[in-house]
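> Quick one: the structure is below, and I'll ask about it shortly.
The values are calculated or read from the model by the stated rules, or taken from the named source; none is laboratory data. All values derive from a computational prediction rather than experimental measurement. Please note: Cβ atoms are built from the backbone with ideal geometry, for glycine as well, and neighbour counts cover all protein chains shown. These accessible areas exclude ligands, DNA and RNA; they are computed on the full protein's heavy atoms, side chains included. Shrake-Rupley method; radii C 1.70, N 1.55, O 1.52, S 1.80 Å.
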Amino acid sequence: MSMADRDGFIWFDGKLLPWREVTVHGLTHSLHYGMGVFEGERAYNTPAGPAIFRLQEHTRRLFNSAKILQMDMPFGEAEINAATCEVIRANGLESAYIRPLAFYGAEGMGLSAKGLKTHVLIAAWPWGAYLGQEALERGIRVKVSSFNRHHVNIHMVKAKATGNYLNSMLAQREASAAGYDEALLLDREGYVAEGSGENIFMVRDGVLYTPTLTSALEGITRDTVMRLAGELGIRVVEKQLTRDEFYIADEAFFTGTAAEVTPIREIDGRVIGSGSRGPVTQRLQSLYFDQVTGKRKEHPEWLTYVN
Ligand SMILES: CCC[C@H](NCc1c(COP(=O)(O)O)cnc(C)c1O)C(=O)O
């Protein structure tokens, strides 16, 4: 079923509208030139009702992305936070994937985007494991992409910008066509950057490693997992990592709002560790799910209850 043919409500420019009425003109500027910013967030059902995980950090990143691209935002962060909660309530959702998007309208077609209106929508829908439930347990097969991640002075990688995902789509489709589940992109120097829609970690001799963020998005899940690992007493190291360090790692996994904590069992035909979800990955994955579903009481500030 097309995403357009759903029922429910989408928050659009300050109002909750019926899902199917949220349409834009074919000459919408962002459709043509790819300048827009978005977020991927999740609400989870908890013993105290539905809650959005680290909503404030996601909204702050949306506004930071807009600032990097110099897109004027017609609402404030607090209004967007409140509207996001309203979308979950209005659709009667308990756990959901949430997609805020800010984009330029059809007021003009010049690249300067002068005088264009920024429109904002927030949609939410039930979305299970991004790479499949089995992936969360068994792990996935990953291919290093022939496409590099953006050079940091070609695309603004700290902005979660819609146009940046052309690179992600090219990489993901190449990996999928080659029979893999996901792509791993290297930066311009050849160091490991991130997945097409995820940050990446590896475990070696009990130490958790993740690439420095030069060519990768500042992932909120990455930050969460690094904090949880520290609380488990696991040493966390951020450094430049090469593809062959991942080949000989004991464990590897992706993190992201959509991907959550997805184990990686093979990269480029090299089996990672035991070839299934490793013990450190499993501990972090289970702690992550306890955290986002309110079973773990630490970090109450990470959950925004919608009711
Ligand atoms: C299609 C993009 C989906 C989106 N990807 C999130 C994402 C991440 C992880 O960031 P975070 O942990 O803050 O989510 C890292 N890197 C990229 C390129 C991403 O698109 C998501 O909702 O997970």
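> Within region 207-256, count every residue that is within 26 Å of Met156 (Cα to Cα) and acidic (Asp, Glu).
Final tally of qualifying residues: 3.
> Now a separate question. If we scan region 175-185, do we find a residue that is open to solvent by less than 50 Å² (accessible area, probe 1.4 Å), near the ligand (Cβ under 10 Å from one of its atoms) and touching a residue at least 24 places away in the same chain (Cβ under 8 Å)?
For region 175-185, residues open to solvent by less than 50 Å² (accessible area, probe 1.4 Å), near the ligand (Cβ under 10 Å from one of its atoms) and touching a residue at least 24 places away in the same chain (Cβ under 8 Å): present.
> Another question about this same structure. Only residues that are out of contact with any Gly (no Cβ under 9 Å at 6 or more places or on another chain), within 16 Å of the ligand (Cβ to nearest atom) and of a type outside the set (D, E, K, R): list them for region 226-250, please.
Met226, Leu228, Ala229, Leu241 - these are the residues of region 226-250 that are out of contact with any Gly (no Cβ under 9 Å at 6 or more places or on another chain), within 16 Å of the ligand (Cβ to nearest atom) and of a type outside the set (D, E, K, R).
> Residue check: is Met1 surrounded by 15 or more Cβ atoms within 10 Å (Cβ to Cβ) and either among the hydrophobic types (A, V, I, L, M, F, W, C) or assigned to a loop (DSSP other than H, G, I, E, B) (or both)?
Working: surrounded by 15 or more Cβ atoms within 10 Å (Cβ to Cβ): no; either among the hydrophobic types (A, V, I, L, M, F, W, C) or assigned to a loop (DSSP other than H, G, I, E, B) (or both): yes.
No: the conditions fail for Met1.
> Right, next: Tell me, which strands (runs of 3 or more DSSP E) wholly within region 26-118 include 2 or more residues that are open to solvent by 10 Å² or more (accessible area, probe 1.4 Å)? Steps first, answer last, please.
Working: elements: 36-38, 41-46, 49-53, 96-104.
Here the list reads 41-46, 49-53, 96-104.
> Run Arg149 past the list (1) under 30 Å from Pro50 (Cα atoms); (2) in contact with a strand residue (DSSP E or B) (Cβ under 7 Å, 6 or more places away or on another chain) and report the number of the one that doesn't hold.
Result: Arg149 passes all but (1).
> Which residues, taken from region 237-266, are open to solvent by 50 Å² or more (accessible area, probe 1.4 Å), touching a strand residue (DSSP E or B) at 6+ places or on another chain (Cβ under 8 Å) and free of Cβ contacts under 8 Å to residues at least 40 places away in the same chain?
Glu238, Lys239
> What single numbered condition from (1) within 10 Å of the ligand (Cβ to nearest atom); (2) under 18 Å from Glu251 (Cα atoms) fails to hold for Glu218?
If we test Glu218 against (1) within 10 Å of the ligand (Cβ to nearest atom); (2) under 18 Å from Glu251 (Cα atoms), just (2) comes out false.
> Of all strands (runs of 3 or more DSSP E) completely enclosed by region 161-261, which ones contain at least 1 residues that are modelled with pLDDT of 95 or more and farther than 19 Å from Arg277 by Cα?
182-186, 192-195, 236-238
> Quick check: is even one residue across region 137-151 away from the ligand (no atom under 12 Å from the Cβ) and within 26 Å of Asp72 (Cα to Cα)?
Yes, there is a match, as at least one residue in region 137-151 is away from the ligand (no atom under 12 Å from the Cβ) and within 26 Å of Asp72 (Cα to Cα).
> While we're on this one: May I ask you to verify whether Arg20 is open to solvent by 10 Å² or more (accessible area, probe 1.4 Å), among the basic types (Lys, Arg) and in contact (Cβ under 8 Å) with a residue 40 or more places away in the chain?
Working: open to solvent by 10 Å² or more (accessible area, probe 1.4 Å): yes; among the basic types (Lys, Arg): yes; in contact (Cβ under 8 Å) with a residue 40 or more places away in the chain: no.
The answer is no for Arg20.
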